[in-house]
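Participant: Submitted below is the structure of interest, expressed as structure tokens.
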Amino acid sequence: MFYTKIFLNKIIIRFEKLLIVVIVFLCTQCTAYGQDTVLNKYGLWVINNRDDLQKTVLHNPKKQMIDLKKHIPNLVLDLKYASKANFMKTQLYSPLKTTYLRKEAADALKKVQQELNKQGLGLKIFDAYRPYSVTEKMWEPVQDDRYAANPKKGSGHNRGVAVDLTIINLKTKKELNMGTGFDNFSDTAHTDFINLPQVILQNRALLKTTMEKYSFKVLDTEWWHFYLPHAKEYELLDVPFAEFEKQKRKKKKK
């Protein structure tokens with residue numbers, strides 16, 4: 001009986017220690033998220049300013065947002081939502097000279113570019129990071145999650161790990177023929193659509209296999225849309241592009 005009581009006391013003490021560790025961990029996490037995020041009308045946590053984003057980067061450097069134009073040599077940008085040349089027929093971003101992805105996605109994309117460059121080819125980016133509020137605007141006229149992200153879930157673009165792109169010839173800067181343009185909401189844009197000339201199928205295969213080699217996955221309904229499969233490891237962001245530009249100016253002054 002005496003030894004039984006000692007044994008039980010040891011179990012209770014260990015349990016109490018474990019409970020304290022769990023409580024401290026949960027309190028730390030809740031405090032961090034309470035400071036870093038805002039709960040929106042869909043019950044989603046969304047980071048809406050760069051200072052709070054930086055707090056998450058301190059815990060995980062892969063969450064840093066990277067300037068793609070600086071990070072990837074020979075990269076060509078044609079940011080559709082910074083102009084009216086998009087399906088919304090309206091300018092959704094202020095004029096931009098660059099765009100952004102999380103460090104993990106940016107590093108992977110750089111490897112894709114390096115491989116294509118060996119063949120005289122390169123990447124053209126249509127869109128990368130997209131503020132969450134823009135996703136809300138884009139959902140309204142479409143409301144079809146095959147072609148636009150439902151704001152109830154958010155998008156890989158909002159998390160900084162999805163990119164819309166194509167391949168270009170580096171010398172001519174012309175896009176390879178992919179059968180449709182960007183933001184084409186038809187079956188022809190689907191990755192399993194095969195009623196196309198062989199050269200187009202080869203071009204799509206080149207883009208898909210090269211992106212997949214460096215961990216990206218393609219969206220079934222959009223040949224141009226690629227994302228990291230573990231996107232939910234990254235918070236949704238609604239940080240304006242202007243805040244990233246402001247930070248870059250601060251760094252230059254230093």
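The values are calculated or read from the model by the stated rules, or taken from the named source; none is laboratory data. Small disclaimer: the values here were computed from a predicted structure and weren't measured. Glycine gets a Cβ as well: all are built from the backbone with ideal geometry, and neighbour counts include every protein chain shown.
Participant: Among the residues of the stretch 211-224 satisfying the criterion of being touching a Phe, Trp or Tyr at 6+ places or on another chain (Cβ under 9 Å) and not in a loop (DSSP other than H, G, I, E, B), which is surrounded by the fewest Cβ atoms within 10 Å (Cβ to Cβ)?
Facilitator: The selected residue is 212.
Participant: Does residue 188 qualify as being out of contact with any Asp or Glu (no Cβ under 9 Å at 6 or more places or on another chain) and either polar (S, T, N, Q) or in a helix (DSSP H, G or I) (or both)?
Facilitator: Judged against the criteria, residue 188 is a match.
Participant: Being touching a residue at least 24 places away in the same chain (Cβ under 8 Å) and not in a helix (DSSP H, G or I) is the filter; apply it to the stretch 136-152 and report the residue that is farthest from residue 87 (Cα to Cα).
Facilitator: The qualifying residue farthest from residue 87 (Cα to Cα) is 152.
Participant: If the Cβ limit is 7 Å and pairs must be 6+ apart or interchain, which residue in the stretch 115-129 that is under 27 Å from residue 85 (Cα atoms) pairs with which residue that is surrounded by fewer than 21 Cβ atoms within 10 Å (Cβ to Cβ) and among the hydroxyl-bearing types (Ser, Thr, Tyr)?
Facilitator: 116/210
Participant: Among the candidates 198, 247, which residue alone is of a type in the set (S, T, N, Q) and either outside the structural domain of residue 134 (by TED's automatic domain parsing) or closer than 30 Å to residue 52 by Cβ (or both)?
Facilitator: Going through 198, 247 in turn, just one is of a type in the set (S, T, N, Q) and either outside the structural domain of residue 134 (by TED's automatic domain parsing) or closer than 30 Å to residue 52 by Cβ (or both): 247.
Participant: Can you tell which of 177, 195 is modelled with pLDDT of 95 or more, out of contact with any Asp or Glu (no Cβ under 6 Å at 6 or more places or on another chain) and surrounded by fewer than 14 Cβ atoms within 10 Å (Cβ to Cβ)?
Facilitator: 195
Participant: Could you identify the single residue in 112, 57 that is part of a helix (DSSP H, G or I) and under 16 Å from residue 47 (Cα atoms)?
Facilitator: 57
Participant: Oh, and also: I need the full set of residues from the stretch 94-131 which are closer than 19 Å to residue 161 by Cβ, in contact with a helix residue (DSSP H, G or I) (Cβ under 7 Å, 6 or more places away or on another chain), buried (at least 20 other Cβ atoms within 10 Å of the Cβ) and not aliphatic (A, V, I, L, M), in order please.
Facilitator: Passing the criteria: 99, 100, 102, 104, 126, 127.
Participant: To continue, here is another question. Quick check, is residue 140 touching a Pro at 6+ places or on another chain (Cβ under 9 Å) and either under 20 Å from residue 159 (Cβ atoms) or surrounded by fewer than 20 Cβ atoms within 10 Å (Cβ to Cβ) (or both)?
Facilitator: For residue 140, the condition - touching a Pro at 6+ places or on another chain (Cβ under 9 Å) and either under 20 Å from residue 159 (Cβ atoms) or surrounded by fewer than 20 Cβ atoms within 10 Å (Cβ to Cβ) (or both) - is not met.
Rundown of residues vs (1) modelled with pLDDT of 55 or more; (2) of a type in the set (Val, Ile, Thr); (3) surrounded by 15 or more Cβ atoms within 10 Å (Cβ to Cβ), yes/no style:
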site	(1), (2), (3)
13	no, yes, no
18	no, no, no
28	no, yes, no
41	yes, no, no
67	yes, no, yes
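Participant: Taking the criterion of being out of contact with any Lys or Arg (no Cβ under 6 Å at 6 or more places or on another chain) and more than 24 Å from residue 211 (Cβ to Cβ), would at least one residue in the stretch 65-86 satisfy it?
Facilitator: Looking for residues that are out of contact with any Lys or Arg (no Cβ under 6 Å at 6 or more places or on another chain) and more than 24 Å from residue 211 (Cβ to Cβ), one finds at least one in the stretch 65-86, hence yes.
Participant: Could you give every pair whose Cβ atoms fall below 6 Å, whose first residue belongs to the stretch 162-182 and is under 16 Å from residue 219 (Cα atoms) and assigned by TED's automatic domain parsing to the domain that holds residue 148, and whose second residue is part of a loop (DSSP other than H, G, I, E, B) and of a type outside the set (A, V, I, L, M, F, W, C), counting only separations of at least 6 or pairs across chains?
Facilitator: If the second residue must be part of a loop (DSSP other than H, G, I, E, B) and of a type outside the set (A, V, I, L, M, F, W, C), the pairs left are 162/156.
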